[in-house]
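Shown next, in structure tokens, is the structure this report addresses.
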Amino acid sequence: MTRDASLDLSDEEARDAERLHADATVIDGLVPTTAYIADPEYRTHLERGGVTAGNVTVASRSRFADATERVQRCRSLVAANEDAFTVVETADDIRDANDSGKIGVILGFQDTMPIEPSERMQVDGGFEFLRAFHDMGVRVVQLTYNSMNYVGAGCCERTDPGLSNFGRAVVAEMNRLGVCIDLSHCGDRTTMEAIERSEKPVVISHAGARALSNVTRNKTDEQLRAIADNGGVVGVSVFPPTVKTDPETHEVQAATVHDVLDHIDHVVAVAGIDHVGFGSDMNDKALDDGITPPYAAYRNFRPEFSDVYGRGPIEEYEPFPRGLHRHTELPNLTGGLVARGYSEPAIRKILGENFLRVFEANWDR
């Protein structure tokens, strides 16, 4: 990796940043693809970025059968590459991954569609599928993905009534089972109600501060403060619309590692150092392929919802922030935090310890 010269680090600071990054527990709150495990060309990218563990999206807007197949396929990929990867189901699994040099794979969903509320919903909650996924090792589930579902509203909905009765029951059952609640793509009211009702700390695995990039995929200061009160964590993303947009036209603007650091500074100022992390939402393979995949939000939501996903191309991604444009550039995040004067304990929290604390509070009952 080439150090980003714009960080303006002295040689001593650069060495300190390199040492710290290599030694820290680095958790990516959202890795949106299994390509890092499946594709030999990208299998070393997370390791080269110093990642200890990542919340890997294995299913999103899928029905139960398809999501089950995707979970099992991911577990098989990990098993076939057990020298480099390991499935994470407990906080100690992340610590073990750190010690062994393997990449911890946290199985995550970006929607509750796979749990398919059954006809027994009014009798026992219809949670058979949610329990089954927990048994399969799924440990993070996002309540909604952009649209309305049985649980609540996504960030692209015209109106947001908040959590449904079923959604309230889902929050309680996820707390009971030990599945971490993710609110990244939820609408504003659904986000707030889920935070208020959850007895366990929740995560916003990949988003930014709306005060800095005015798209509704990002979170308001009110929501950031609520996350702090809940004990949760916000993973600051490098996904271009969440980093920098024109405040009026929503046109996505070119960004750098410094813009990402601005979001971290803002979350720290509003929510506190214990409630900020990193969640890339970055797919190195799709970026290198030069085309958005068929399921991408750019193709399916941006045309109608530029206020959510920014105004820009549909079939390709804008360049990710210079200096953090691939997972292999992740050490520049640590360098930037050093340059901005964060202490070593604070940097360790941002890189992964905050996520680890929240995961442990959810998973280890």
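Starting from the Cα of ASP99, step 7 Å toward the Cβ, then list every residue of region 25-62 with an amide N under 20 Å from that point.
25-27, 51-54
To the nearest 20 debye, what charge dipole does the chain have about its Cα centre, counting +1 at the Cβ of each Lys and Arg and -1 at the Cβ of each Asp and Glu?
640
Pick out, from GLN142, LEU77, GLY312, the residue whose Cα sits farthest towards the positive end of the charge dipole of the chain, with +1 on the Cβ of Lys and Arg and -1 on the Cβ of Asp and Glu.
Of the options given, the answer is GLN142.
Could you calculate the contour length gain from GLU222 to ARG158, that is, 0.36 nm times the residue separation minus the distance between their Cα atoms, to one decimal place in nm?
Answer, rounded to one decimal: 21.0 nm.
Along region 157-167, what does the Karplus equation 6.51 cos²θ - 1.76 cosθ + 1.60 (θ = phi - 60°) give for ³J(HN,Hα), rounded to whole Hz, x for Gly and Pro?
6, 5, 10, 10, x, x, 5, 6, 4, 5, x
Report the residue, chosen from LEU20, LEU46, LEU183, that carries the largest GNM mean-square fluctuation when the chain is represented by alpha-carbon nodes joined by springs under 10 Å.
LEU20
With point charges of +1 on the Cβ of Lys and Arg and -1 on the Cβ of Asp and Glu, referenced to the Cα centre of region 177-298, which listed residue (GLY272, HIS258, THR245) lies farthest in the positive direction of the dipole?
Selected residue: GLY272.
Please list, or write none, the lysines whose alpha carbon is within less than 25 Å of the alpha carbon of LYS285, excluding same-chain residues fewer than 8 places away.
Cα-Cα hits under 25 Å: LYS102, LYS244.
Gaussian network model of the chain, Cα springs within a sub-10 Å range: biggest mean-square fluctuation belongs to which of GLY272, GLY167, GLY341?
Per the Cα network of the chain with a 10 Å cutoff, GLY341 tops the list.
Classify region 220-365 as rounded, prolate or oblate, taking a ≥ b ≥ c as the square roots of the eigenvalues of its Cα gyration tensor: rounded when a/c is under 1.5, otherwise prolate if a/b is larger than b/c and oblate if not.
Here region 220-365 falls in the prolate category.
If each residue of separation counts as 0.36 nm, what is the full-extension length gain between LYS285 and ASP23 once their alpha-carbon separation is subtracted? Kindly include the intermediate steps, with their values, before the conclusion.
Values: separation 262, 0.36 × 262 = 94.32 nm, distance 2.66 nm.
Net length gain for the segment: 91.7 nm.
So, in Å, what gap is there between the alpha-carbon centers of region 190-235 and region 266-294?
15
If you average the alpha carbon positions of region 14-31 and of region 52-93, how far apart do those two centres end up, in angstrom?
One Cα centre to the other: 23 Å.
Within a Cβ distance under 15 Å of GLU344, other residues only, what is the Lys/Arg minus Asp/Glu net charge?
-1
I want to check the label-to-label distance for ARG176 and GLU41. Put each point 7 Å from Cα in the C-beta direction and report it in nm to one decimal.
Once both label points are built, they end up 4.7 nm from each other.
Can you give the calculated 222 nm mean residue ellipticity of the chain, where each DSSP H run of n ≥ 4 adds -39,500 (n - 2.57) and the sum is split over every residue, rounded to the nearest 500 deg cm²/dmol?
Dividing the helical sum by the residues of the chain leaves -11500 deg cm²/dmol.
Name the most mobile residue of ASP307, ASP259, ASP92, meaning the one with the largest mean-square fluctuation, in a Gaussian network model of the chain with Cα contacts below 10 Å.
Its mean-square fluctuation being the largest, the pick is ASP92.
Under 8 Å for C-alpha pairs, at least 6 residues apart: give me the relative contact order for region 5-363, rounded to a whole percent.
The value is 19 percent.
Bear in mind these aren't lab numbers, they're just calculated from the coordinates by the rules spelled out. Treat the numbers as computed from the prediction; the structure is a model and nothing was measured. Cβ: placed from backbone, ideal geometry, glycine included. Neighbour counts: every protein chain shown.
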